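Worksheet: the structure to be examined is printed underneath.
The values are calculated or read from the model by the stated rules, or taken from the named source; none is laboratory data. Fair warning: this is a prediction, and the values are worked out from it, not measured in the lab. Heads up, the Cβs are rebuilt from the backbone with ideal geometry, glycines too, and the neighbour counts pull from every protein chain shown. Keep in mind that these areas ignore ligands, DNA and RNA; they rest on the heavy atoms of the full protein, side chains included. Shrake-Rupley method; radii C 1.70, N 1.55, O 1.52, S 1.80 Å.
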Amino acid sequence: MRDMNTVIGSHDVLLVTLDTLRYDVAAELAAAGETPTLVRHLPGGRWERRHTPGSFTYAAHTAMLAGFLPTPAEPGPHPRLFAGAFPGSETTAPGTWTFDAADVPSGLAAAGYHTACIGGVGFFNERTPLGSALPALFAESHWEPEFGVTAPDALPNQIGRAAEVVARLPAERRLFMLVNVASLHQPNWFYLDGASSAAGDTRASHAAALRHVDAHIGRLFALMRRPCLVIVCSDHGTAYGEDGHTGHRIGHEVVWTVPYGEFVLS
(Lines give C-alpha, C1' and ligand atoms only; values in the text may rest on other atoms or scores of the structure.)
Protein backbone atom coordinates (compact mmCIF):
# COMPACT_ATOMS: atom_id res chain seq x y z
CA MET A 1 0.00 0.00 0.00
CA ARG A 2 1.13 3.54 -0.76
CA ASP A 3 2.07 5.51 2.37
CA MET A 4 -0.31 8.44 2.10
CA ASN A 5 1.28 10.18 5.06
CA THR A 6 4.28 10.93 2.83
CA VAL A 7 2.03 11.99 -0.06
CA ILE A 8 -0.31 14.44 1.65
CA GLY A 9 1.44 17.78 1.98
CA SER A 10 4.06 16.98 -0.66
CA HIS A 11 1.84 16.10 -3.67
CA ASP A 12 -1.17 17.54 -5.41
CA VAL A 13 -4.03 15.03 -5.66
CA LEU A 14 -6.24 14.55 -8.73
CA LEU A 15 -9.33 12.33 -8.54
CA VAL A 16 -10.80 11.58 -11.96
CA THR A 17 -14.11 9.74 -11.91
CA LEU A 18 -14.99 8.31 -15.31
CA ASP A 19 -18.69 8.33 -14.57
CA THR A 20 -20.51 5.08 -15.47
CA LEU A 21 -17.47 3.35 -17.03
CA ARG A 22 -17.80 -0.44 -16.99
CA TYR A 23 -14.82 -2.56 -15.97
CA ASP A 24 -15.25 -5.10 -18.76
CA VAL A 25 -15.27 -2.44 -21.47
CA ALA A 26 -12.27 -0.63 -19.95
CA ALA A 27 -10.27 -3.86 -19.64
CA GLU A 28 -11.09 -4.97 -23.19
CA LEU A 29 -10.04 -1.67 -24.74
CA ALA A 30 -6.85 -1.57 -22.69
CA ALA A 31 -5.90 -5.10 -23.78
CA ALA A 32 -6.63 -4.23 -27.42
CA GLY A 33 -4.42 -1.14 -27.33
CA GLU A 34 -7.36 1.19 -27.94
CA THR A 35 -6.77 3.44 -24.91
CA PRO A 36 -3.02 4.12 -25.14
CA THR A 37 -2.95 7.22 -22.93
CA LEU A 38 -4.59 5.55 -19.96
CA VAL A 39 -2.61 2.34 -20.45
CA ARG A 40 0.65 4.30 -20.47
CA HIS A 41 -0.10 5.63 -17.00
CA LEU A 42 -1.81 2.65 -15.36
CA PRO A 43 0.50 0.40 -13.29
CA GLY A 44 1.42 -2.51 -15.54
CA GLY A 45 -0.78 -1.01 -18.24
CA ARG A 46 -3.86 -2.62 -16.71
CA TRP A 47 -6.96 -1.59 -14.84
CA GLU A 48 -7.47 -2.98 -11.36
CA ARG A 49 -10.80 -4.74 -10.91
CA ARG A 50 -12.68 -3.25 -7.97
CA HIS A 51 -16.15 -2.99 -6.46
CA THR A 52 -17.87 0.37 -6.17
CA PRO A 53 -19.26 1.65 -2.86
CA GLY A 54 -22.46 2.76 -4.63
CA SER A 55 -24.51 1.82 -7.67
CA PHE A 56 -25.15 5.37 -8.90
CA THR A 57 -23.30 8.67 -8.97
CA TYR A 58 -24.52 10.36 -5.81
CA ALA A 59 -24.12 7.32 -3.56
CA ALA A 60 -20.72 6.39 -4.97
CA HIS A 61 -19.27 9.91 -4.84
CA THR A 62 -20.59 10.55 -1.34
CA ALA A 63 -18.75 7.42 -0.20
CA MET A 64 -15.57 8.11 -2.17
CA LEU A 65 -15.36 11.66 -0.90
CA ALA A 66 -15.60 10.26 2.62
CA GLY A 67 -12.55 8.07 1.91
CA PHE A 68 -14.27 4.90 0.71
CA LEU A 69 -12.75 4.45 -2.74
CA PRO A 70 -13.70 1.37 -4.80
CA THR A 71 -12.60 -1.80 -2.98
CA PRO A 72 -10.33 -4.45 -4.58
CA ALA A 73 -12.49 -7.31 -5.82
CA GLU A 74 -10.85 -10.02 -3.75
CA PRO A 75 -10.99 -10.96 -0.06
CA GLY A 76 -9.63 -8.28 2.27
CA PRO A 77 -9.26 -6.43 4.49
CA HIS A 78 -8.13 -3.67 2.16
CA PRO A 79 -6.47 -0.63 3.81
CA ARG A 80 -7.72 2.71 2.54
CA LEU A 81 -5.71 5.66 1.26
CA PHE A 82 -7.84 8.21 3.15
CA ALA A 83 -9.93 7.69 6.25
CA GLY A 84 -11.89 9.87 8.59
CA ALA A 85 -10.73 9.34 12.15
CA PHE A 86 -13.12 7.05 14.00
CA PRO A 87 -12.55 4.20 16.46
CA GLY A 88 -12.75 0.60 15.33
CA SER A 89 -11.99 1.14 11.64
CA GLU A 90 -10.65 -2.12 10.22
CA THR A 91 -9.44 -0.50 6.99
CA THR A 92 -7.29 2.22 8.54
CA ALA A 93 -3.64 1.15 8.39
CA PRO A 94 -0.31 2.84 9.19
CA GLY A 95 -0.11 4.08 5.58
CA THR A 96 -3.61 5.57 5.65
CA TRP A 97 -3.85 9.34 5.86
CA THR A 98 -6.47 10.07 8.49
CA PHE A 99 -8.38 13.32 8.86
CA ASP A 100 -10.65 14.76 11.53
CA ALA A 101 -13.55 15.70 9.25
CA ALA A 102 -16.58 14.13 7.60
CA ASP A 103 -15.14 14.19 4.08
CA VAL A 104 -11.83 14.17 2.21
CA PRO A 105 -12.08 17.71 0.76
CA SER A 106 -12.63 19.18 4.24
CA GLY A 107 -9.79 17.12 5.66
CA LEU A 108 -7.41 18.21 2.91
CA ALA A 109 -8.52 21.84 3.24
CA ALA A 110 -7.57 21.67 6.92
CA ALA A 111 -4.18 20.35 5.82
CA GLY A 112 -3.65 23.44 3.64
CA TYR A 113 -4.97 22.20 0.29
CA HIS A 114 -7.08 24.23 -2.11
CA THR A 115 -10.02 22.05 -3.16
CA ALA A 116 -11.74 22.31 -6.53
CA CYS A 117 -14.44 20.36 -8.34
CA ILE A 118 -15.07 20.27 -12.09
CA GLY A 119 -18.48 18.61 -12.36
CA GLY A 120 -19.98 16.61 -15.17
CA VAL A 121 -23.21 14.72 -14.54
CA GLY A 122 -26.34 16.26 -13.05
CA PHE A 123 -25.40 15.62 -9.42
CA PHE A 124 -22.80 18.36 -9.88
CA ASN A 125 -24.91 20.91 -11.76
CA GLU A 126 -25.55 23.24 -8.77
CA ARG A 127 -29.04 23.98 -10.14
CA THR A 128 -30.88 22.29 -7.27
CA PRO A 129 -30.15 21.58 -3.59
CA LEU A 130 -29.31 17.98 -4.50
CA GLY A 131 -27.12 19.08 -7.41
CA SER A 132 -25.29 21.40 -5.02
CA ALA A 133 -24.57 18.92 -2.21
CA LEU A 134 -21.37 17.39 -3.65
CA PRO A 135 -19.96 20.65 -5.09
CA ALA A 136 -20.49 22.32 -1.70
CA LEU A 137 -17.75 20.11 -0.24
CA PHE A 138 -15.14 22.06 -2.26
CA ALA A 139 -13.75 25.57 -1.92
CA GLU A 140 -14.56 26.16 -5.58
CA SER A 141 -16.76 24.23 -7.98
CA HIS A 142 -17.56 24.51 -11.66
CA TRP A 143 -20.36 23.17 -13.84
CA GLU A 144 -22.06 24.34 -17.00
CA PRO A 145 -24.10 22.57 -19.67
CA GLU A 146 -21.00 22.27 -21.85
CA PHE A 147 -19.53 19.93 -19.17
CA GLY A 148 -22.61 17.71 -19.03
CA VAL A 149 -23.84 14.41 -20.42
CA THR A 150 -25.34 15.84 -23.63
CA ALA A 151 -22.20 17.73 -24.71
CA PRO A 152 -19.93 15.73 -27.04
CA ASP A 153 -16.99 18.00 -26.15
CA ALA A 154 -17.66 17.90 -22.41
CA LEU A 155 -14.24 16.55 -21.42
CA PRO A 156 -12.18 19.04 -23.50
CA ASN A 157 -14.33 21.80 -22.03
CA GLN A 158 -13.75 20.53 -18.50
CA ILE A 159 -10.02 20.30 -19.09
CA GLY A 160 -9.99 23.91 -20.20
CA ARG A 161 -11.58 24.92 -16.90
CA ALA A 162 -9.19 22.70 -14.93
CA ALA A 163 -6.28 24.47 -16.62
CA GLU A 164 -7.62 27.81 -15.40
CA VAL A 165 -7.87 26.49 -11.83
CA VAL A 166 -4.29 25.22 -11.88
CA ALA A 167 -2.92 28.37 -13.53
CA ARG A 168 -4.17 30.73 -10.85
CA LEU A 169 -3.10 28.61 -7.88
CA PRO A 170 -0.13 29.96 -5.91
CA ALA A 171 2.94 27.78 -6.34
CA GLU A 172 3.16 27.03 -2.63
CA ARG A 173 -0.50 25.94 -2.29
CA ARG A 174 -1.29 22.26 -2.73
CA LEU A 175 -4.34 21.23 -4.78
CA PHE A 176 -6.98 18.55 -4.50
CA MET A 177 -9.13 18.46 -7.62
CA LEU A 178 -12.04 16.24 -8.61
CA VAL A 179 -12.93 15.98 -12.29
CA ASN A 180 -16.17 14.08 -12.86
CA VAL A 181 -16.15 13.01 -16.52
CA ALA A 182 -19.66 12.69 -17.97
CA SER A 183 -18.74 11.32 -21.40
CA LEU A 184 -19.36 7.63 -20.65
CA HIS A 185 -22.82 8.30 -19.19
CA GLN A 186 -25.89 7.99 -21.33
CA PRO A 187 -26.40 9.50 -23.88
CA ASN A 188 -23.18 8.38 -25.54
CA TRP A 189 -24.43 7.23 -28.97
CA PHE A 190 -22.90 10.32 -30.62
CA TYR A 191 -19.36 9.02 -30.06
CA LEU A 192 -19.95 5.99 -32.32
CA ASP A 193 -19.64 6.51 -36.06
CA GLY A 194 -22.92 5.76 -37.82
CA ALA A 195 -25.00 5.66 -34.63
CA SER A 196 -28.18 7.67 -34.15
CA SER A 197 -30.30 8.92 -31.29
CA ALA A 198 -33.12 6.72 -32.53
CA ALA A 199 -30.97 3.60 -32.12
CA GLY A 200 -29.86 4.79 -28.69
CA ASP A 201 -26.85 3.91 -26.57
CA THR A 202 -25.10 0.55 -26.72
CA ARG A 203 -22.10 -1.19 -25.27
CA ALA A 204 -20.31 -0.25 -28.50
CA SER A 205 -21.07 3.46 -28.09
CA HIS A 206 -19.92 3.19 -24.46
CA ALA A 207 -16.59 1.87 -25.77
CA ALA A 208 -16.44 4.66 -28.35
CA ALA A 209 -16.93 7.19 -25.55
CA LEU A 210 -13.97 5.71 -23.68
CA ARG A 211 -11.79 6.01 -26.79
CA HIS A 212 -12.84 9.67 -26.95
CA VAL A 213 -11.89 10.17 -23.30
CA ASP A 214 -8.52 8.55 -23.87
CA ALA A 215 -7.84 10.87 -26.81
CA HIS A 216 -8.21 13.92 -24.55
CA ILE A 217 -7.31 12.96 -20.99
CA GLY A 218 -3.57 13.22 -21.60
CA ARG A 219 -4.01 16.98 -21.70
CA LEU A 220 -5.46 16.91 -18.18
CA PHE A 221 -2.52 14.87 -16.88
CA ALA A 222 -0.06 17.19 -18.63
CA LEU A 223 -1.39 20.36 -17.03
CA MET A 224 -1.21 19.05 -13.47
CA ARG A 225 1.70 20.24 -11.34
CA ARG A 226 4.31 17.73 -10.25
CA PRO A 227 4.36 15.68 -8.13
CA CYS A 228 0.72 14.70 -8.32
CA LEU A 229 -1.04 11.57 -7.13
CA VAL A 230 -3.70 10.63 -9.67
CA ILE A 231 -6.60 8.34 -8.86
CA VAL A 232 -8.67 7.48 -11.93
CA CYS A 233 -11.64 5.19 -11.57
CA SER A 234 -15.29 4.68 -12.33
CA ASP A 235 -17.98 5.40 -9.78
CA HIS A 236 -20.23 2.60 -11.10
CA GLY A 237 -20.96 0.72 -14.30
CA THR A 238 -24.16 0.47 -16.29
CA ALA A 239 -26.20 -2.19 -18.07
CA TYR A 240 -27.00 -2.39 -21.75
CA GLY A 241 -29.55 -5.21 -21.70
CA GLU A 242 -27.69 -7.74 -19.56
CA ASP A 243 -30.29 -10.04 -17.95
CA GLY A 244 -32.93 -7.59 -19.13
CA HIS A 245 -31.43 -4.62 -17.26
CA THR A 246 -30.74 -1.17 -18.64
CA GLY A 247 -28.98 1.58 -16.71
CA HIS A 248 -27.68 1.51 -13.13
CA ARG A 249 -28.81 1.92 -9.50
CA ILE A 250 -29.26 -1.86 -9.55
CA GLY A 251 -27.27 -4.71 -8.01
CA HIS A 252 -25.87 -6.23 -11.21
CA GLU A 253 -22.28 -7.32 -11.78
CA VAL A 254 -21.76 -4.85 -14.64
CA VAL A 255 -22.80 -2.02 -12.31
CA TRP A 256 -20.88 -3.04 -9.19
CA THR A 257 -17.58 -3.91 -10.90
CA VAL A 258 -15.47 -0.89 -11.85
CA PRO A 259 -11.96 -0.10 -13.17
CA TYR A 260 -9.46 1.59 -10.87
CA GLY A 261 -5.92 2.94 -11.23
CA GLU A 262 -3.57 5.17 -9.26
CA PHE A 263 -0.18 6.56 -10.18
CA VAL A 264 2.09 9.51 -9.51
CA LEU A 265 2.92 12.16 -12.10
CA SER A 266 6.47 13.22 -11.38
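Of the DSSP H helices in the chain, those with a Cα length along their own long axis of 30 Å or more and a mean Kyte-Doolittle hydropathy reaching -0.5 comprise 203-223.
If you average the alpha carbon positions of the range 70-119 and of the range 210-266, how far apart do those two centres end up, in angstrom? Here the two parts' Cα centres lie 19 Å apart.
Tell me, in nm to one decimal, what length is gained between THR37 and GLU90 on full extension, where the rule is 0.36 nm per residue of separation less the Cα-Cα distance? Spell out each step's value before the answer.
On the way: separation 53, 0.36 × 53 = 19.08 nm, distance 3.53 nm.
Contour length minus the Cα-Cα distance gives 15.6 nm.
Taking amide H atoms as placed 1.01 Å from N in the peptide plane, the amide H of ALA239 lies under 5 Å from those of GLY247, HIS248, each 5 or more residues away in sequence or on another chain. Hydrodynamic estimate: the Kirkwood radius of the chain over Cα pairs, inserted into Stokes-Einstein at 4 °C and 1.567 mPa s, corresponds to D of 70 µm²/s.
Stretching the chain fully between ASP24 and ARG173 yields a gain of 49.8 nm (0.36 nm per residue, less the alpha carbon separation). Using the 1.4 Å probe convention, the accessible area of the chain works out to 40 Å² per residue with neighbouring protein chains retained. Determine the share of the chain's accessible area contributed by carbon and sulfur atoms, expressed in whole percent, with a 1.4 angstrom probe. C and S fraction of accessible area: 54 percent. Computed over the range 151-266, the alpha-carbon pair-distance distribution with 5 angstrom bins reads 2, 10, 18, 20, 17, 13, 10, 6, 3, 1, 0, each value a whole percent. Under the criterion of Cα pairs below 8 Å and six or more residues apart, the relative contact order for the chain equals 32 percent.
How do 226-239, 97-110 rank on mean C-beta neighbours within 10 Å, highest first? Please list the in-between numbers first.
Values: 226-239: 21.9, 97-110: 19.4.
Most protected by this proxy first, the peptides run 226-239, 97-110.
Compute the Cα gyration tensor for the range 20-159, then decide on rounded, prolate or oblate, letting a ≥ b ≥ c be the square roots of its eigenvalues: rounded whenever a/c is under 1.5, prolate when a/b is larger than b/c in the other cases, and oblate in all that remain.
Judged from the Cα gyration tensor, the range 20-159 comes out oblate (a/c at least 1.5, b/c at or above a/b).
With contributions of -39500 (n - 2.57) from each DSSP H run of at least four residues, the per-residue ellipticity at 222 nm computed over the chain stands at -8000 deg cm²/dmol. Using a simple spin-label model with pseudo-atoms 7 Å out from Cα toward Cβ, GLU253 and ARG225 lie 4.5 nm apart.
Relative to the present Cα-Cα distance, how much length would full extension add between ALA63 and GLU144 at 0.36 nm per residue of separation? If you can, show how the numbers build up before the last one.
On the way: separation 81, 0.36 × 81 = 29.16 nm, distance 2.41 nm.
26.8 nm is the gain from fully extending ALA63 to GLU144.
Suppose R0 equals 22 Å. What FRET efficiency, 1/(1 + (r/R0)^6) with r the Cβ-Cβ distance, do SER196 and ASP243 give to the nearest 0.05? In this case the efficiency is close to 0.30.
Just to be sure I understand the curve: with the Debye formula and one point per C-alpha of the range 55-119, what is log10 I(q)/I(0) at q = 0.21 Å⁻¹? With one equal scatterer per Cα and no solvent, log10 I(q)/I(0) is -0.93.
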